[in-house]
Each structure stands twice: as C-alpha cells, then as structure tokens.
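J.: Dropping a structure here in structure tokens format, bear with me for questions.
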Amino acid sequence: MNTNMKRILRGALAVALGASLVGCGSSSSSSSSSSGEKTYVIATDKTYAPFEMTNKKGKLIGIDMDLIRAIAKDQKFKVKINSLGFDAACTALESGEADGVIAGMTITDERKQKYDFSKQYYKTGVSMAVAKNSKIKSYSDLKGKTVVAKTSTAGLSFAQSIHKKYGFKIRVVEESSLMFQTVKSGEAVACFEDTPVLKYMIGQGQLDFKMPTKSENPSYYGFAVSKGKNKTLLSKFNKGLANLKKSGEYKKILAKYE
C-alpha cells in the first residue's frame, strides 16, 4: 500500500471515529454506567434539615436524600447528588445541568409553569419563628420591623403576601443558615420558613427559637423535572414512591428524622 493510500485510509478512519463519538453524545445530564443502569444528576439544597443535611462524615442525609436513593435502588437507576443551594439547584435544572431537583420544593401553580412535579411526597406549611426571648406574639407585632426569608421559597411568598397588611419590611437572603443568623443577631425580628424545618431544628436544639403563630398555607413537596423533559425519570420516581409506601420503607425514612 503506498503512502498516499495510507493517508487516505487514516483520514477516513478518523472521520468515522469522530462521527461515532458525536452519535454517542447527549444533551441530557444523565448517563449510563457499565452495568447498564442510568445515572441521573439530582440537584438539591445545601442545608435544609431534616430534608438535606450533612452528617459527621460529610455525607448528605435527610428525608429527601434517603428517599431519592431508596427510589433509585427500587427502580434500578443511579443518582449523582449535587448540593448547590435551592436557587442554584433550580437554575441547574432549567439549564440542563441537572435532570431533577429534590429540595423540599413546594408544589405551586407558579412553579408548574416551568416544572413537572411528581406525586406529592410530604405535607408542609409556612410558619413564623422568632427568638425564644422575643415579645412578638402575632403578625401585628411586626409593624415597622424587619423580617427575613430565603429567596424563591414558600416562606418568602407568604411574607410578601402579608407584609403590606402588617407593615413590616422583608430582607431576602440566599441561604437558610444566614436567615437564621439574621434573627439571632437581631437584624431581623422574625423569619418565615417551612413548618417541618422549623419544628425539626427547634426540637433538635439547633435553633433557640419559638413559633408564636400557627402554620399557614398547607401544601406539599414534590420532586421536579423541567417541563416536558425527563418523563421517564418522573415516572420512575412516582413508581418507586408508591412501592416504598406499600412496603413501609417510606414511613421508616420519615420516622428516622421526625
């Protein structure tokens, strides 16, 4: 074979190899392992006890984390968890960097415009929390004062819905830890957060707070994917959730953290 013919064959082989690699590419963040099980990238919050938190070994644990792992095992797929923060998790989902979000996300009509939700997996609500020695007993006591809430949350939405009526100002922060610190430091007199989160953290002694008002706006958490995308993943989540409830595993996960 002459030199020119060898060059032609090498060129053809390179083109064919390049084409095969392009054909194997995917716009989705998910991938398949050597065992044939698909791996989905799941985005979540950084700290949102008892749903997302880190144990002493640095592993993400909590209701959401145990739930998605148990569903993945039941439905025979793998998950890669990215702990990003709530807003960042939603952004990752919308940009295609994540296949789904599980982060104590309340199912709302507004969010349904952008996301498809699983069947509800946890009942929630919004409560106001104040420092344990605070004299605030009702929303009326907030007049002229500052409260704090986390961006893009049900707590913020509720605070915004009543702030004109009760005459208080709202400070918005990115992280739960900063929200709680703002109340501890006295920069805000109260925070608005999901009821189960406040109950857990106060009950565990992680917050020296109290909840002087009743829980508002009963709603539910759901697992989310981008609207019209990852229907297979959503279906697997719903099937796995149903199986966990039937087997009793779902109740065991909740009991572990409640």
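J.: Kindly provide the Kirkwood hydrodynamic radius of the chain in Å, to one decimal, from all pairs of distinct alpha carbon atoms.
T.: On the way: mean 1/r = 0.0491 Å⁻¹.
Across the chain, the inverse of the average 1/r is 20.4 Å.
J.: With each label point set 7 Å from Cα along the Cα-Cβ vector, what nm distance links Y166 and K231?
T.: 4.4 nm
J.: Select from the chain the helices, each a whole stretch of DSSP H, whose alpha-carbon atoms run 30 Å or more along the helix axis and whose Kyte-Doolittle mean is at least -1.0; answer none if there are none.
T.: Values: long enough: 3-24 (32 Å, 0.94).
Helix filter hits for the chain: 3-24.
J.: Among residues other than N82 whose Cβ falls under 11 Å from its Cβ, what is the net charge (Lys/Arg +1, Asp/Glu -1)? It would help to have the intermediate numbers written out before the result.
T.: Numbers: positive: K46, K80; negative: D45, E97, D99.
Here the charged neighbours net out to -1.
J.: Quick check: pseudo-label points 7 Å beyond the Cα along Cα→Cβ at T146 and D109, how many nm apart are they?
T.: About 3.4 nm, to one decimal.
J.: Continuing with the same structure: If packing is taken as the average count of other Cβ atoms within 10 Å, what order do 133-141, 97-105, 64-72 fall into, highest mean first? Walk me through the numbers on the way to the answer.
T.: Numbers: 133-141: 13.1, 97-105: 25.1, 64-72: 22.0.
Averaged packing, sorted descending, gives the order 97-105, 64-72, 133-141.
J.: Still on this structure, please answer the following. Could you give me the ³J(HN,Hα) list for segment 57-62, computed from phi with Karplus coefficients 6.51, -1.76, 1.60 and θ = phi - 60°, whole Hz, x at Gly and Pro?
T.: Here the 3J(HN,Hα) series is 8, x, 8, 6, 10, x Hz.
J.: Sticking with this structure for a sec: Taking 0.36 nm per residue of separation and subtracting the Cα-Cα distance, what length does fully extending K123 through S138 add? Please list the in-between numbers first.
T.: Numbers: separation 15, 0.36 × 15 = 5.40 nm, distance 2.38 nm.
Here the segment from K123 to S138 would lengthen by 3.0 nm.
J.: What part of the accessible area of the chain, given as a whole %, is carbon or sulfur when the probe is 1.4 angstrom? Let's see the in-between values first.
T.: On the way: 7100 of 13870 Å².
The nonpolar share, carbon plus sulfur, comes to 51 percent.
J.: Cα-Cα over 28 Å: which of K78/K119; K132/K251; K112/K256; K169/K199?
T.: Details: K78/K119 20 Å; K132/K251 32 Å; K112/K256 30 Å; K169/K199 24 Å.
In this structure, K132/K251; K112/K256 exceed 28 Å between Cα atoms.
J.: Work through the residues other than I71 whose Cβ is under 10 Å from its Cβ and net out their charges, Lys, Arg +1 and Asp, Glu -1. Before the final figure, lay out each step's value.
T.: Values: positive: R69, K73, K236, K239; negative: D66, D74, E249.
My count for the surroundings of I71 gives +1.
J.: Okay, moving on. Looking at the chain only, what percent of DSSP beta bridges run antiparallel? Nearest 5 please.
T.: Values: 20 of 36 bridges.
Of all bridge pairs located within the chain, approximately 55 percent are antiparallel.
J.: Given a Förster radius of 35 Å and the C-beta distance between M211 and A255 as r, what FRET efficiency does 1/(1 + (r/R0)^6) yield to the nearest 0.05?
T.: It comes to 0.95.
J.: Sticking with this one: Rolling a 1.4 Å sphere over the protein heavy atoms, what is the accessible area per residue of the chain, to the nearest Å²?
T.: Values: 13870 Å² over 258 residues.
Averaged over the residues of the chain, the accessible area is 54 Å².
The values are calculated or read from the model by the stated rules, or taken from the named source; none is laboratory data. The shown structure was predicted, so the numbers you read here are calculated from the model rather than taken from an experiment. Cβ atoms come from the backbone with ideal geometry, glycine included; neighbour counts cover every protein chain shown. SASA here: full protein model, heavy atoms, side chains in, ligands and nucleic acids out. Shrake-Rupley method; radii C 1.70, N 1.55, O 1.52, S 1.80 Å.
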